[in-house]
1. Need the list of aspartates and glutamates near Lys144 for cross-linking: C-alpha distance under 13 angstrom, and skip anything on the same chain fewer than eight residues off.
2. Measure off 7 Å from each Cα along the Cα-to-Cβ vector at Lys109 and Met121, then give the distance between these two points in nanometres to one decimal.
3. If I model a spin label at Phe128 and Leu79 as a point 7 Å from the Cα along the Cα→Cβ vector, what separation in nanometres do I get?
4. Among Met121, Ala150, Asn104, pick out the residue whose Cα is farthest towards the positive end of the charge dipole of the chain, where Lys and Arg carry +1 and Asp and Glu carry -1 on C-beta, about the Cα centre.
5. Ranking request for peptides 98-106, 38-46, 143-151: highest mean number of other beta-carbon atoms within 10 Å first, then the rest in descending order.
6. Given charges of +1 on the Cβ of Lys and Arg and -1 on the Cβ of Asp and Glu, with all other atoms neutral, how large is the dipole of region 1-128 about its Cα centre, in debye to the nearest 20?
7. Considering the values [x] 58, 31, 25; [y] 52, 36, 26; [z] 39, 37, 33, which represents Cα extents along the principal axes in Å as calculated for the structure under consideration?
8. Just to confirm a number: summing +1 for Lys and Arg and -1 for Asp and Glu over residues other than Trp143 whose beta-carbon lies under 13 angstrom from that of Trp143, what do you get?
Amino acid sequence: MIGIFTLYLKDVKEGFAMTEAEASDLYGTFIALVFFTPFIGGLLADRFFGYRKTIIAGGLFMAVGYCMMGIHSLPMLYLAMTLVITGNGLLKPNISTLLGNVYNSDQYKHMKDDGYNIFYMGINVGAFICNFFGAAIQTIWGWKWAFVAAGVGMFIGDRKSVM
C-alpha cells in the first residue's frame, strides 16, 4: 500500500486532497519512522517478549493499521499510520532473526542461504504483485477496500507465521 499511499493523500474525491508538498512531507515522515522503529522492535524482542510474540504483534498492528486507513478521517489516518509504523518496527527485524535461528543447528546450517533466498524472494514477489492488486482494487471498489485488502493480507500472513 505504500506504493499508492501518496496517491490516496492527494486524491480530491476520496482522499485528503493534500498538495504535493503536504503529501510528500507526510510520506517522508512516515518512511523515516518506518526505518527507525526496527531498532526498538529488535530491543523489545531480545529483552522482553521474544521473537515469535513480537512478530505476531507487529503483523497484527500492521493489519489493523492498514484496515483503519480506509476510514476517511485525518485522526484515524494518523492512528493507522502509527499502528503500521509500530507494527513494522516489531515485525521487520525479528522475522529475519527468527529465520536465522531456524537454521542455527549444525544439522541445518548448510541450508541457511537457501532459506534466506526463499524468504526474500517470497517477500519481493509479494511486494511486486500486491501493487497490482492494490491498484486494481482501488480502481474497482475504491481506497477503503484497497486498504482493507492490504490488512486482510497482513492477517493471512500473520496467521501463517503463527503456524
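Each reported figure results from applying straightforward, stated rules to the coordinates on display, with no laboratory input. Here the structure is a predicted model, which means the values were calculated and not measured. Quick reminder, even Gly has a Cβ in these numbers, built from the backbone with ideal geometry, and neighbours come from all protein chains shown.
1. Asp11, Glu14
2. 2.5
3. The two pseudo-label positions are separated by 3.8 nm.
4. Towards the positive end, the residue furthest out is Asn104.
5. 143-151, 38-46, 98-106
6. Dipole about the Cα centre, nearest 20: 380 debye.
7. Entry [x].
8. +1
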